[in-house]
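Participant: I have a structure here, written as structure tokens, and I will follow up with some questions on it.
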């Protein structure tokens, strides 16, 4: 990665992938019957889970790719495709099945799960966020990975703040307002996804660059 611009790109991509605006109405639905203490505790646990999963992806991604026998270039194309599918769902202001299946959504609505699963994983720290972290982590050494982890920590800080303020935000911003924010992030993510796929394809097939 090339210093600040690439770290900024990672930060923006991860923010768009996690999409805290999309998480707000879902979090409100999960915590409707919970008291304030239980709601804050769930927000803390969800945020910590997301951070641990993504930081783990940064540091363990190389070993995972080697275990699967996949090249970084191939993973970039595949990961970019995942991001593109997520972006298309976001443009429709929907979670999409990449984040959450119908069965998982029904479990959340029925209160049959704690909210950590599937709220933290895979709704937030799902295939898109994990693949983004793995791809970014492959570009450098330990110092690079620590900087990425700091970026993840900042993004998770934003997520933590949004979840803690979810009910207040939900009262002040309409569903339409949250959907508009999600669509804007989806448009940004679509561009990043295509760029990621293009970079991977160019490395897999050098002839495409000529």
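The values are calculated or read from the model by the stated rules, or taken from the named source; none is laboratory data. Quick caveat, the model's predicted, so the values are computed rather than measured. Every residue, glycine among them, receives a Cβ derived from its backbone with ideal geometry; neighbour counts consider all protein chains shown.
Participant: Taking the condition of being in contact with a helix residue (DSSP H, G or I) (Cβ under 7 Å, 6 or more places away or on another chain) and not in a helix (DSSP H, G or I), how many residues in the stretch 2-33 meet it?
Facilitator: Result for the stretch 2-33: 1.
Participant: Is it fair to say residue 194 is closer than 23 Å to residue 42 by Cβ and either more than 15 Å from the chain's Cα centre (by Cα) or touching a residue at least 40 places away in the same chain (Cβ under 8 Å) (or both)?
Facilitator: Numbers: closer than 23 Å to residue 42 by Cβ: no; either more than 15 Å from the chain's Cα centre (by Cα) or touching a residue at least 40 places away in the same chain (Cβ under 8 Å) (or both): yes.
No; evaluated as a whole, the condition is false for this residue.
Participant: Related question: Only one residue in 71, 38 is in contact with a helix residue (DSSP H, G or I) (Cβ under 8 Å, 6 or more places away or on another chain) and without any contact (Cβ under 8 Å) to a residue 24 or more places away in the chain, so which one is that?
Facilitator: Selected residue: 38, the only one of 71, 38 that is in contact with a helix residue (DSSP H, G or I) (Cβ under 8 Å, 6 or more places away or on another chain) and without any contact (Cβ under 8 Å) to a residue 24 or more places away in the chain.
Participant: If you don't mind, another one. Does at least one position in the stretch 44-56 carry a residue that is more than 12 Å from residue 125 (Cβ to Cβ) and surrounded by fewer than 20 Cβ atoms within 10 Å (Cβ to Cβ)? Lay out the reasoning, then the answer.
Facilitator: First, the residues of the stretch 44-56 that are more than 12 Å from residue 125 (Cβ to Cβ): 44-45.
Among the residues that remain, those that are also surrounded by fewer than 20 Cβ atoms within 10 Å (Cβ to Cβ) are: 44-45.
Among the residues of the stretch 44-56, at least one is more than 12 Å from residue 125 (Cβ to Cβ) and surrounded by fewer than 20 Cβ atoms within 10 Å (Cβ to Cβ), which makes the answer yes.
Participant: Is it true that some residue in the stretch 150-162 is at pLDDT below 95 and crowded, with 20+ Cβ neighbours inside 10 Å?
Facilitator: no
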